[in-house]
1. Out of everything in the range 17-44 that is assigned to a helix (DSSP H, G or I) and among the polar types (S, T, N, Q), what residue ends up being surrounded by the most Cβ atoms within 10 Å (Cβ to Cβ)?
2. In the range 156-179, what residues are farther than 17 Å from Thr490 by Cβ, assigned to a loop (DSSP other than H, G, I, E, B) and open to solvent by 30 Å² or more (accessible area, probe 1.4 Å)?
3. For the range 521-543, indicate whether the set of residues that are under 26 Å from Met446 (Cα atoms) and touching a Gly at 6+ places or on another chain (Cβ under 6 Å) is non-empty.
4. Which pairs do you get when a residue that is open to solvent by 40 Å² or more (accessible area, probe 1.4 Å), found in the range 121-141, comes within reach of a residue that is among the aromatic types (Phe, Trp, Tyr), reach meaning Cβ atoms under 7 angstrom, with the pair 6+ apart or on two chains?
5. Report yes if some residue within the range 187-205 is of a type in the set (Val, Ile, Thr), surrounded by fewer than 21 Cβ atoms within 10 Å (Cβ to Cβ) and touching a His at 6+ places or on another chain (Cβ under 9 Å); otherwise report no.
6. Quick one: which helices (runs of 4 or more DSSP H) sit completely within the range 344-445 and have at least 2 residues that are under 30 Å from Glu282 (Cβ atoms)?
7. Does Val85 meet the test of being more than 25 Å from Asp197 (Cβ to Cβ) and either at pLDDT 90 or above or open to solvent by less than 40 Å² (accessible area, probe 1.4 Å) (or both)?
8. Any residue at all in the range 246-269 that is polar (S, T, N, Q), surrounded by 12 or more Cβ atoms within 10 Å (Cβ to Cβ) and under 20 Å from the mean Cα position of the chain (by Cα)?
Amino acid sequence: MLRGLAEGTSGCTFRPLVVVELASNTKEEVIAWLLSRIRAQQQNGGAELLVEQLGPGVGAQEKENPNVFLVGASRQRLLSGAEDVGLFKEYSDGSMRGFTYTNKHNFKDFQGDGDDFLSMAECQYIIKHALDTLRAKDEVHVPGYSQVKLYPGKSIIRRLLSKGILIQIFPLHEKEELKRLSFSWYKKIKFSLQPLDDIRHYYGEGQALYFGFLEYFTFALVPMALIGVPYYLFDWEDYDKYVVFAVFNLIWCTLILELWKRCSASLAYRWGTLSRKKAFEEPRPGFHGILGFNPVTGREEPLYPNAKRQLRIYLVSLPFVLLCLYLSLYIMMIYFQMEGWALSLYDAEPTFWTAVLSFIPSIIYAVVIEIMNLIYRYAAEFLTEWENHRLESSYQNHLVLKVLVFNFFNCFASLFYIAFVMQDMVLLRQSLATLLITSQIINQFMEAFLPYWLQRRRNKKIIHKVQRRILEDKELPLEEQVRLEAYMSTYLGTFDDYLELFLLFGYVSLFSCVYPLAAVLVVLNNITEVYSDAFKMCRVFKRPFADPAANIGVWQLAFEAMSVIAVVTNCALIGLSPQVKAYFPDSETQLMLWTVAIEHGLLAFKFILTFLIPDVPKHIQVKLARMEFESLEALKKKKMLEALEHSKSIQ
């Protein structure tokens, strides 16, 4: 939302891109030290960035935090930073190549001084990388804070964040670009694809890939929804016919995930992240241990015994997860008792009100499931933090595993029990419909309405102070806009969004053959999800830093694991159908053996299909191989020239 330039003390103008907010009671020594390190030249261990203090806003009050700073960078610093972070841009021949400052004029969109070559999101990511790489030199502690220890090579920003001296770092919005994106994304009802390239340009590849997957998943559900509607309308009570739907389900859940890999690879190549090298991971801000020597980096840093971490995982975290699963099972049995009581009332007196009452236990159980998922999420985060993982990727993998196991069991255990223990398909349909619809209503309320309402309450305090001076169509002053964004909720990433899609995929792939409208409901949910998520990104949350992702990460494995479970579940449901049982009237053992054999055959077919369908399209494989070949040839020429110059110098 900031197009203007701010005047720096050095006489150099800069575009404010990132906000750094320190605690209001931060000592002057540490402020001066941090600003000097941010401004210092790179060869002197600095970030070589431009930074200015934010001035007081309209009607400034004493309680406003004065320690808010705007950070920008010169054009040359941003271009050299683009090379440092390994940014890929489109080359003059149309291929995607790693940007190099010396070769900048050979890139397609580089014109003049390169003012518009980098997007604002890329500039902000470069600044964040520069701040993250600020390291202590010979300081033994943070100036003015003798208890906050430092050692050579320690990340300054991570230390200040972990000790609460640094409150937050966030990128600023750009008002005009955000207006255009909002209009093309969610402000008009349209039947067209999302502006994924614009989303990637403004928010980065990680966000764009999530919305790309959401869009792909929605379109992939359309065939199942179209088949499900006539099944629901004409064969609702004829369970025998659902065998065909289950077979379609098996093929569908395998194909869509394999084809998504190709779609994801195409997007990642187009956006320059497919062949981008992964940055070296630094220790997490919350990681702690005894100071020791890291043989990889050659620096002193905290070390924590892996054996101690494993003990915490297997002796504390694992028993806690099992205890939570037992609690979920216990609540499920209470639900079945309530369900039996409601059904007995309906059987004794079948009226409209007793029919309505029969749905109440499922609705209550669906609400309890969402509450338990929420409470468990906080517990899982606490436990994973306590396990003290060194890397952020390791932390995320353990957190995802804990949350997925519990959410899967909590959401689907009752459905498995009804399907394979009670074998009551009517109750299974009713429970699936109630759980699915109730969870969608709760998620829409929690994800869209509640954050928006809370943000409106926060914004009123600031807007009230400036509304007398600001006309409706005018921009807020720079100071007020920065403070308004500082009060906005922090976007916590795509974890919860992918988790919701994972559970919806489970509802559709596992049991939709007995409730064909599940796909229809999920399609409708996803359409509203696109608009609500877009609204939140543009209006409710702070702008997140770009995440140069090449795929959806560990979630791809989660969805594939769900598709394997779906094969087993649908084969078992087919084996339970009266239509199939009629072929084995005298031998249940033979039926079971045939069901297991078919299930194993389908799993084998699924894994063969995984190998037959390449993850990366052929034309992209050729481009990547060609780029690698040219890089090797260029390296050979460079070595030959160096050898020739060396031989001349000897002569």
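The values are calculated or read from the model by the stated rules, or taken from the named source; none is laboratory data. The structure displayed is predicted, hence computed values, not measured ones. Reconstructed Cβ throughout: ideal geometry from the backbone, glycine too, with neighbour counts over all protein chains shown. These accessible areas exclude ligands, DNA and RNA; they are computed on the full protein's heavy atoms, side chains included. Shrake-Rupley method; radii C 1.70, N 1.55, O 1.52, S 1.80 Å.
1. Gln42
2. Matches in the range 156-179: Lys163 only.
3. For the range 521-543, residues under 26 Å from Met446 (Cα atoms) and touching a Gly at 6+ places or on another chain (Cβ under 6 Å): absent.
4. Here the result reads Tyr125/Phe545; Lys128/Phe545, each pair linking the range 121-141 to a residue that is among the aromatic types (Phe, Trp, Tyr).
5. Within the range 187-205, not a single residue is of a type in the set (Val, Ile, Thr), surrounded by fewer than 21 Cβ atoms within 10 Å (Cβ to Cβ) and touching a His at 6+ places or on another chain (Cβ under 9 Å).
6. 360-386, 392-417
7. No; evaluated as a whole, the condition is false for this residue.
8. Yes, that holds for at least one residue.
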